[in-house]
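So the structure is just underneath, and the comments pick up after that.
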Amino acid sequence: MNPLNRLETLHELTDGFRKANKTIGLVPTMGALHEGHLSLVRQSLEEMDETIVTIFVNPSQFAPGEDLDQYPRTLEQDLEQLAHVGAKHVFVPDSSLIYPPGFSTSIVPPKVAAVLEGEFRPTHFSGVATVVLKLFNMSRADVAFFGQKDYQQVCVIQAMVEDLNVNTQVRVCPIIRESDGLALSSRNRYLDAEQRKTALVLHKTLQHVRDLITSGQNDGFEIVTEMRQMLIDGGVDSIDYAVVADPATLETADFIDGKVVALLAAYVGKTRLIDNLIIG
Ligand code: PAF
């Protein structure tokens, strides 16, 4: 498969789709594809007439000192996997196409970006929102597919779409897990065998939270205390956050009396992992 890397070529393609009244699905990725990404591609191929997958490791969503340089780049394998699931159009822009000389505009992300990830990675969601809006505009997609794994990212993109009247709908697809519960992530490949075992405590902790809530525990503080203890006992090296929150605003739920989302971010060795579970 020959990836597209010029905007003109992408526009020729999408002009053709539009003229033929075809719907366009977009699956934005940073590559290092796994079954989680492929599930989004399959969903788009099923729902939409045409699907465009993008692969771009977006520098503006990494802060200095984060893993931008180390982030896995596996283009050959990515293209093979995409061809295998039947994707035909892959856009792989160069950094200079997304951020040409003189580029100076960026999105101030919505309120929901300020908490959780926003506290630990304050510039992250501005970078995500900016590149996602550019990819929406470049692809002229009708629907874009994102994974629930990046729960807060989805909230940010949904709010941006709503607030700025963006003409692309956001479709959220379920988290894909290994058979032992580990949520698929491109960063899992940083883990050695021992760390991978430790990482299972993230999902186990979320399941424990679900069990506590379904058995009647409604005190958010007590639940979070147990969450943190379970993560520490399970061997994580540090915790950025472990919360039970309102699924729309991500404000911490002190008293649980309806649907909530449990979210956590923790380090196993030097690898930062995130996971979440919607409960109720
Ligand atoms: O979720 C990701 O892989 C990235 O944040 C995204 C949406 C492709 C933007 O760079």
Within segment 130-152, track down each residue that is within 11 Å of the ligand (Cβ to nearest atom) and either more than 24 Å from Val260 (Cα to Cα) or in a strand (DSSP E or B) (or both). Thr130, Val131, Val132, Leu133, Lys134, Leu135, Phe136, Ala144, Phe145, Phe146, Gly147
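Listed here are the residues, each with its yes/no results for (1) touching a Leu at 6+ places or on another chain (Cβ under 6 Å); (2) aliphatic (A, V, I, L, M); (3) at pLDDT 95 or above; (4) crowded, with 22+ Cβ neighbours inside 10 Å.
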residue: Ala141; (1), (2), (3), (4): yes, yes, yes, yes
residue: Ala144; (1), (2), (3), (4): yes, yes, yes, yes
residue: Lys149; (1), (2), (3), (4): no, no, yes, no
residue: Val154; (1), (2), (3), (4): no, yes, yes, no
residue: Val161; (1), (2), (3), (4): no, yes, yes, no
Answer yes or no: is there a residue in segment 191-209 that is within 16 Å of the ligand (Cβ to nearest atom), at negative phi and at pLDDT 95 or above. no
Identity of the residue in segment 15-28, more than 16 Å from the ligand (Cβ to nearest atom) and closer than 21 Å to Arg42 by Cβ, that ends up nearest to the chain's Cα centre (by Cα): Ile24
Of the residues in segment 116-129 that are surrounded by fewer than 22 Cβ atoms within 10 Å (Cβ to Cβ) and in a helix (DSSP H, G or I), the one that is farthest from the ligand (Cβ to nearest atom) is Glu119
Has segment 242-260 got any residue that is in a strand (DSSP E or B), under 22 Å from Pro109 (Cβ atoms), of a type in the set (Asp, Glu) and in contact (Cβ under 8 Å) with a residue 12 or more places away in the chain? no
Only one of Val53, Val92, Val115, Val27 is in contact (Cβ under 8 Å) with a residue 60 or more places away in the chain and under 16 Å from Ala144 (Cβ atoms). Can you tell me which? Val27
Might you let me know whether segment 175-187 holds any residue that is hydrophobic (A, V, I, L, M, F, W, C), within 16 Å of the ligand (Cβ to nearest atom) and part of a helix (DSSP H, G or I)? no
Somewhere in segment 60-73, is a residue within 13 Å of the ligand (Cβ to nearest atom) and among the aliphatic types (A, V, I, L, M)? yes
Do you know which residues across segment 43-59 are within 13 Å of the ligand (Cβ to nearest atom), touching a Phe, Trp or Tyr at 6+ places or on another chain (Cβ under 6 Å) and not aliphatic (A, V, I, L, M)? Thr54
Of the residues in segment 29-42, those that are over 16 Å from Pro72 (Cα atoms) and within 15 Å of the ligand (Cβ to nearest atom) come to Leu38, Ser39, Leu40, Val41
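The values are calculated or read from the model by the stated rules, or taken from the named source; none is laboratory data. Since the model is a prediction, treat every value here as computed from it, not as a measurement. Counting neighbours? That spans all protein chains shown, and the Cβs are built from the backbone with ideal geometry, glycine included.
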